[in-house]
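What follows is one structure encoded as structure tokens, with my remarks underneath.
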Amino acid sequence: MKTLRFILMAVMLGIGGVAGEPNPTASPRFEDYPAREGFAGRPVAPQIITSPQRRYRTVIRDGVEKGWGVRVDGVEQNKPGPNFAGNMIFIQWSCGAPCVRAALVNAQTGEVFPPPLAREDTLDLPLLSIGGNSAGRNPELQFRNNSLLMVISATPNWFKPHARSYRHYFVWESNRWVLIFKEPLD
């Protein structure tokens, strides 16, 4: 009975990590979080629903339909198709220097999601500002089509004095971003 209570309490407190995997104690690796499904075919049109999605509907649609802003190994692929987690399309676009916005679209359903660390009601990613550089620069993004892991080096509160910069490790799980690990950069 005590064991059952312990297990129930652990589940309620969220102990045990993502999808029953242990919480990492070292930087996670892409191969530790393989994509479970792939997608080959024409992506479904994005479902533009929220205000930020409507504001950037053209760039989101162009990303899904033409591959514009869809990067693989840092290079725009200029063809439709997933570039993250097997069936997801991660679209990035510039909003100035420095500034990056992004959206994640499910190629099979057309559902649109904000990127990890996006400010509330936006698709804006935080800047990376190491060592008190108030100007900051674009965040560093790492992801693969065959993995559920996305790594973002950014300073979430870059506009505040003495803001800390981190390398954030997120896993795409059940249509949401789950932070599984974070390490300081400064």
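No value in this document is a laboratory result; all are computed from the given coordinates. Treat the numbers as computed from the prediction; the structure is a model and nothing was measured. Note that each Cβ is placed from the backbone with ideal geometry, even for glycine, and that neighbours are counted across all protein chains shown.
Points to keep in mind about this one:
- Each of Ser153, Ser165, Ser27 has some number of other Cβ atoms within 10 Å of its Cβ, and from fewest to most they run Ser27, Ser153, Ser165.
- Each Cα pair under 8 Å and six or more residues apart adds its separation to the average, and for the chain the resulting relative contact order is 19 percent.
- Separation between Cα centres of region 67-138 and region 140-186, rounded to whole Å: 12 Å
- Candidates Ala107, Ala45, Ala85: whichever shows maximal mean-square fluctuation once the chain is modelled as a Gaussian network with Cα springs under 10 Å: Ala45
- Under 19 Å from the Cα of Lys182 - aspartates and glutamates, other chains or at least 8 residues apart: Glu21, Glu31, Asp32, Glu140, Glu173
- Calculated semi-axes √(5λ) of the Cα gyration tensor in Å (choose from [x] 28, 23, 15; [y] 39, 16, 14; [z] 30, 18, 14), label: [x]
- Coupling constants for region 88-102 follow from the phi torsions by the Karplus curve (6.51 cos²θ - 1.76 cosθ + 1.60, θ = phi - 60°), and in residue order they are 10, 10, 9, 9, 10, 8, 7, 10, x, 10, x, 5, 9, 10, 7 Hz; glycine and proline get x.
- On the basis of the beta-carbon distance and an R0 of 25 Å, Ile130 and Arg55 show a calculated FRET efficiency of 0.25.
- Choice from Gly136, Gly67, Gly96 with maximal GNM fluctuation in the chain (Cα, 10 Å cutoff): Gly96
- Per residue of the chain, the DSSP helices (runs of n ≥ 4 H) give a summed -39500 (n - 2.57) that works out to -4000 deg cm²/dmol at 222 nm.
- Here the spin labels are modelled as points 7 Å beyond Cα on the Cα-Cβ line, and at Arg42 and Asp73 they lie 2.9 nm apart.
- Exposed loop sites were defined as GluC sites (Glu not before Pro) in DSSP loop states (anything but H, G, I, E or B) carrying at most 10 other C-beta atoms within 10 Å; in the chain the longest segment without such a site runs 38-119.
- Cα centre as origin, Lys/Arg/Asp/Glu Cβ charges: the chain dipole, Debye: 280 debye
- Long-range HN-HN contacts of Gly110 with modeled amide H, under 5 Å: Val44
- A DSSP coil position with no more than 16 other Cβ atoms inside 10 Å describes the following trypsin sites (Lys or Arg not before Pro) in region 88-186: Arg119, Arg164.
- Dipole axis of the chain (+1 Lys, Arg; -1 Asp, Glu on Cβ), positive-most option in Phe143, Trp93, Val75: Trp93
- Theoretical FRET efficiency, 1/(1+(r/R0)^6), r = Cβ-Cβ of Asp186 and Asp121, R0 22 Å, to 0.05: 0.20
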